[in-house]
Amino acid sequence: MRKIRFYTLLALLASCLHVAGQNSFPGNDKGITYTGRTQVQNDGAMSYDWVGVYFQTDFTGGYLAIEVSEDGISWHNLYIDGKWQKKIKITGKTPQRIILAEKLSKGTHRLRLQKCTEGEYGRTTIHKIILAKGGKLTPVARKERMIEVFGDSYTCGYGTESSKASDKFSIDTENCDKAYGCIVARYFNADYALTAHSGFGMVRNWGDKKQISDNNLSTRYTQIYDQHGTQSYAFDLYTPQLVLINLGTNDFSPVAIPTDEQYVGAYLKMIQTIKEKYPGVKIICVTPHSASRYLQASINLLRERTLNMPDVYMANSLAGMVTEQRDMGADWHPNYQGQRKIAMSLIPQISAIMGWELTDEIVR
């Protein structure tokens, strides 16, 4: 019994020495660059739930861990020095330590942690960043280009890592980093934000028996959180030069479809709000590849109503681009190949509108 107590004491002592030999920083430390909608808590922790939110930092010391809690479940992509390392599942409301990097070489390393699943499933709170003793955090400069995408499951990357259309959805196959918004941002070396929710439409959600859903993207896109609060967002954490809007598939799903005026009216209101919040922004309205004839008719009306609006553009049709045999994952949603096709169609249009040159980069 004495030996057991002795070894337990040694283990506790070693643990204390290990903690004492590290530096701890609050989640909102100035050495960390967050991109996306986030909220600082009273204790300096940083919370977020929108899909695609990411933080970056340049750190020294060869070791980095986070103290993190989760309201629900989330998956995050981990990148170190620009290379994908793994997906990390986070769950549990009690703060826990997760090691993201250890035993790295001397010098500075860049870490990026990206939430690749939706707010519907969880809200993440970064309480602390822990480095090795003497380690330092340096913020990563924001890129010159910034893109925001307002969308639904296609934007969220729903089922992108699934193998076939008949697969049932599972949260571990959702990965926004393999969806067109992130692919386009990578190609143009741009930062990005995704304001998207699966099943939601501009005014009506998938299969709703009402023409106007009580909660839709028109009611959510002005909030800090997607699912975990209704606090208003000040549109002050980033300023995109380009906004893509890709909404409508769910509006015109079976049962009680909205009228053209209901859909287009809400669309025009969103455009006006975006233009007010982001002066000088260019907006591209995307017709989903799966657009029904009803949605196509509404998009034609939208085209007429925006014809003389400065800096508002209609994307070319994506019809027929995504095939079931090769390009679809869970629940008949685009897989990674299908998402790349969508991105490859949008890239030349974005280049023409924004004046951003095409490069030899692979669309990936």
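The values are calculated or read from the model by the stated rules, or taken from the named source; none is laboratory data. Since the structure is predicted, the reported quantities are computational estimates derived from the model, not experimental observations. So basically every Cβ, Gly included, is an ideal-geometry build from the backbone, and we count neighbours across all protein chains shown. Just the protein is used for accessible areas: all its heavy atoms, side chains included, with ligands, DNA and RNA removed. Shrake-Rupley method; radii C 1.70, N 1.55, O 1.52, S 1.80 Å.
A few points about this structure:
- FRET efficiency estimate (nearest 0.05) - Cβ-Cβ, LEU237 to SER317, R0 22 angstrom: 0.10
- Secondary-structure-derived ellipticity at 222 nm for the chain, considering helices only, amounts to -7500 deg cm²/dmol, per-run term -39500 (n - 2.57) for DSSP H runs with n ≥ 4.
- Accessible area of SER105 (1.4 Å probe, protein heavy atoms only, ligands and nucleic acids ignored): about 80 Å².
- Under 17 Å of direct C-alpha separation, and excluding same-chain neighbours fewer than eight residues apart, LYS133 reaches these aspartates and glutamates: ASP29, ASP58, GLU67, GLU102.
- Selected from SER218, THR239, HIS289, residue furthest toward positive end of dipole (the range 212-364; charges at beta carbon): HIS289
- Choice from VAL243, VAL40, VAL184 with maximal GNM fluctuation in the chain (Cα, 10 Å cutoff): VAL40
- The range 249-307, dipole about Cα centre (Lys/Arg Cβ +1, Asp/Glu Cβ -1), debye to the nearest 20: 220 debye
- In the chain, the longest principal axis of the Cα atoms and the axis of helix 336-354 are about 70 degrees apart.
- Residue (of TRP84, SER47, VAL255) at the positive-pole extreme of the chain, dipole from beta-carbon charges: TRP84
- With 19 Å as the limit, the listed pairs LYS30/LYS143; LYS178/LYS275; LYS106/LYS143; LYS87/LYS341 have LYS178/LYS275; LYS106/LYS143; LYS87/LYS341 beyond it between alpha carbons.
- Under a Gaussian network description of the chain, with springs only between Cα atoms under 10 Å, the residue in HIS333, HIS76, HIS109 that fluctuates furthest is HIS109.
- Surface listing: ARG220, ARG204, ARG97 arranged by accessible area from highest to lowest gives ARG97, ARG220, ARG204, probe 1.4 Å.
- Candidate lysines - alpha carbon under 20 Å from LYS93, same-chain residues fewer than 8 apart omitted: LYS115, LYS128
- For the range 102-258, the Cβ-based charge dipole about the Cα centre amounts to some 800 debye (Lys, Arg positive; Asp, Glu negative; other atoms uncharged).
- Share of pairwise Cα-Cα distances greater than 36 Å in the chain is 24 percent (whole percent).
- This model, with +1 at the C-beta of Lys and Arg and -1 at the C-beta of Asp and Glu, gives the chain a dipole about its Cα centre of some 1320 debye.
- HN-Hα J in Hz across the range 222-227 - Karplus 6.51, -1.76, 1.60, θ = phi - 60°, x for Gly and Pro: 9, 9, 5, 10, 6, 10
- Between 0 and 90°, nearest 10: helix 293-305 axis offset from the chain longest Cα axis: 80 degrees
- Near GLY107: Cβ cut-off under 12 Å, other residues only, Lys/Arg at +1 and Asp/Glu at -1. The net charge is +1.
- In this label model, ILE353 and ARG97 are separated by 4.8 nm, measuring between points 7 Å along each Cα→Cβ vector.
- The simple Förster model, with R0 at 35 Å and r as the Cβ-Cβ distance, assigns ASN300 and LYS210 a FRET efficiency of 0.90.
- Antiparallel bridges, percent of DSSP beta bridges restricted to the chain (to nearest 5): 75 percent
- Within a Gaussian network of the chain (alpha carbon springs, distance under 10 Å), most fluctuating of GLN223, GLN211, GLN85: GLN85
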